[in-house]
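Written below as structure tokens is the structure these notes are about.
What follows is calculated from the coordinates using simple rules that are stated; it is not laboratory data. Bear in mind that the values here come from a model prediction, so they are computed numbers and not experimental data. Note: ideal-geometry Cβ built from the backbone for every residue, glycine included; neighbour counts use all protein chains shown.
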């Protein structure tokens, strides 16, 4: 039986309206796929281009060719810091867009550039301009000044140029062979050191009804005075003037030495500043020249011509002379391979910069957990034979400080020597985390000491009364709810808190005595919250040696039995994410910097991918936001700085 063929099904004919919308849909679908494919291939091409640029250029260093008789232009812009606190993406965007408001200059980078240039035969001289540098304290400035002196000792000239400087900037410019100030600039004003603070007692207590109860040990522990007094205590004035005078006299002596002046004559001229300016008809630039603070009054263009005359003319270079910018030179001297890839033993450097706070903290805040983790990483790394803990901190929470101190002690137990290098400030909690080191180095003008404890407890009872809000209720014991800031602080609670603070102070001086080989009585004499300069601290046995970071590294290597030139120095920091590391390398390449700088779209992409930087917790916020069960934060903090 044969099959009967079935005729093919003919689809129904679509009407013209249906065909129009179907065609429109197909066209939209095609366009969508086309755009997505084009975007995909564009991004693929872009990232391949970035990888190619990174491999070919290797950052700035691979394409950089240095010629003989080059002038190093050292004109750093930004805040001088121990450790760049910006997240990676903010740092990249700030660098390529020349956003000076967020710029930061790492001290280690500045020192590396100066010292390498001193040994580089192709670098003939330095043009120094510190107008854009926002200095930190005098200790970090002393480190830079010492590096500039080493540059001159290598037989190389430093020419400083300025439109006007403050006294910290001038401290660096004074290290030059000659200083040229713009005749229409802002002049140079040496005013001395001061420590003035606002005092809030009347405004807070009498106007707002906010009371503060201060519990402390040490008559010189003045950090919290502004909340309970209307003016500085006599003890605070006595202590502050003592260490400030020492640092100021060091400053005058250094300026006088470099400028071949008399320190006493310089001090007298500063005291007679008003008469001197009047005699110069109000011209600060002329005043600076007449008092030999500078060598001549020249415009920037005139100094450029001088550099071309002494060096090598280059019509294509900015200023018309052969030069290299310090940031370019930094890229040139950086290791081509990561230090981790080198098999040499290491001296690790961990930076503790900022207030000490509990838990995990971003850079610019010393976290009890986060810094302890870095120290454990050093302890577990077999390549690391010694540690330098670089401390630039006014202190903070006691428990977080103790966490870090324990890790330092554990490193020593593990057989790894620890050397502390104090920066601008290593006071109170900053001293707490330093005291157990095998050796403590400080600059003569480091601010340290402030060995004392306090607690500050706010009370809002009267403030709430002013607006008709009252607290009432019941508790199962006499202490239940007694630490509530909306209720009056009872004398019994005050006794408890003072006992806690007393114990904290006994612990502090007991640990200092044990670490420094002193009796409790000897330690108490130099403690009680009093602040010292580095030179004074050495005299009292709180510091072992006067010197900078490099001296501390050299001593750590010696303790670790490492031979000169046969070890690496590695900064142990929180690592970048793979994307941040990739973009950082790409941004350093000239092509990458050009693409990022010219593309608002790409800059926005980077901004959206960058984590926001959290603002450091202020002291009062830390006091107010106590964890459950915490009566009061015992604080080892020093609001000291100049």
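A few remarks follow.
Residue-wise test of (1) within 15 Å of residue 435 (Cα to Cα); (2) surrounded by fewer than 18 Cβ atoms within 10 Å (Cβ to Cβ).
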residue	(1), (2)
502	no, yes
509	yes, no
512	yes, no
521	no, yes
534	yes, no
537	yes, no
545	yes, yes
549	no, no
557	no, no
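- Residue match in the stretch 329-349 (condition: within 17 Å of residue 69 (Cα to Cα) and either touching a residue at least 60 places away in the same chain (Cβ under 8 Å) or surrounded by fewer than 19 Cβ atoms within 10 Å (Cβ to Cβ) (or both)): yes
For (1) assigned to a helix (DSSP H, G or I); (2) in contact with a helix residue (DSSP H, G or I) (Cβ under 9 Å, 6 or more places away or on another chain), each residue gets a yes or a no:
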{"position": "239", "(1), (2)": "yes, no"}
{"position": "256", "(1), (2)": "yes, yes"}
{"position": "316", "(1), (2)": "no, no"}
{"position": "324", "(1), (2)": "no, yes"}
{"position": "328", "(1), (2)": "yes, yes"}
{"position": "331", "(1), (2)": "yes, yes"}
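- Residue that is surrounded by the fewest Cβ atoms within 10 Å (Cβ to Cβ), among those in the stretch 277-314 that are in a helix (DSSP H, G or I) and in contact with a helix residue (DSSP H, G or I) (Cβ under 6 Å, 6 or more places away or on another chain): 277
- Identification of helices (runs of 4 or more DSSP H) wholly contained in the stretch 420-521 with 3 or more residues that are out of contact with any strand residue (DSSP E or B) (no Cβ under 8 Å at 6 or more places or on another chain) and within 30 Å of residue 208 (Cβ to Cβ) yields 461-466, 491-516.
- Yes/no for residue 117 being surrounded by fewer than 19 Cβ atoms within 10 Å (Cβ to Cβ), farther than 21 Å from residue 252 by Cβ, touching a helix residue (DSSP H, G or I) at 6+ places or on another chain (Cβ under 7 Å) and in contact (Cβ under 8 Å) with a residue 40 or more places away in the chain: no
- Within the stretch 503-534, tally of residues that are closer than 23 Å to residue 137 by Cβ and touching a helix residue (DSSP H, G or I) at 6+ places or on another chain (Cβ under 6 Å): 6
- So residue 387, is it part of a strand (DSSP E or B) and within 15 Å of residue 407 (Cβ to Cβ): yes
- Some residue of the stretch 247-262 being buried (at least 16 other Cβ atoms within 10 Å of the Cβ) and within 30 Å of residue 454 (Cα to Cα): yes
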